[in-house]
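First the structure, in the form of structure tokens, and then the observations on it.
Please treat every number below as a calculation from the coordinates, not as lab data. The structure displayed is predicted, hence computed values, not measured ones. Note: ideal-geometry Cβ built from the backbone for every residue, glycine included; neighbour counts use all protein chains shown.
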Amino acid sequence: MAQKEEVYSAKDGKQRMKGVSISLPVVTGSIAFYLGKKATEHASHRWTCYIRSATGEDMSHIIKKVQFGLHSSFPNANRMVEYAPFELTEVGWGEFNIAVTVFFHDDCGTESVELTQHLALYDSSGGNNAKRPIASEVFDEIVFYEPTEAFYRRIMGHEPTPAPPSQLAQFHSQYNPQYDYRRIQHARQRVAQITANISAQLASTDAATAELT
């Protein structure tokens, strides 16, 4: 028997779906190309930072725009991209963390969420290779807990379409959202187990110390 969908009036005045979650599997990444003979002291690499769907679908029905927060040394450090593919390309010489702020459509009920992508320019040896780009990707999930009724109805009625083509697609990794989610959950459970064991050992040590004193 199907579970009844329950709608309630939230404190923000919006009608929301009680106990419902919508998950959007995404990948944030960066790809950097060494400029070789064209490299200069302050422009050694051409790189692109992006956020894309982990399943290869267009996310424009959920994501309104994306802001990439660059290092303060860049002019106009906060760059806004208002259409898919959500990619930003620049030229530079140093690695840093990029703040990827994702803005959603108004009926979502959640204005934005911020992710972080490390811009990697060099391989593990610290060297450069003009023929092979340096790619760095992170799988993540954006979860909308108890979304607005309007957003929920619209998303449930949406027919998935392929993501707009990207010239960088050949460098993208392949992800299995279900597998990666299970792997993340397993890692969290393992960390929780290790933490619990350490806490138990510390408590046992404290008890033994107390008996000796």
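In plain terms, the C-alpha convex hull of region 1-132 casts an average shadow of 11.6 nm² when viewed from every direction. When 96, 86, 144 are sorted by how many other C-beta atoms sit within 10 angstrom of their C-beta, beginning with the fewest, the order is 96, 144, 86. Each of residue 122 and residue 5 was given a label point 7 Å from its Cα along the Cα-to-Cβ line. The distance between the two points is 5.3 nm. The charge dipole of region 1-72, taken about its Cα centre with unit charges on the Cβ atoms of Lys, Arg (+1), Asp and Glu (-1) only, comes to about 160 debye. Residues in region 142-154 carry Karplus couplings, in order, of 9, 10, 9, 8, 6, x, 5, 4, 4, 5, 4, 4, 5 Hz; the curve used is 6.51 cos²θ - 1.76 cosθ + 1.60 with θ = phi - 60°, and Gly or Pro positions show x. Between residue 97 and residue 40, the contour length at 0.36 nm per residue exceeds the Cα-Cα span by 18.3 nm.
Summing charges over all other residues whose Cβ lies under 11 Å from the Cβ of residue 120, with Lys and Arg as +1 and Asp and Glu as -1, gives -3.
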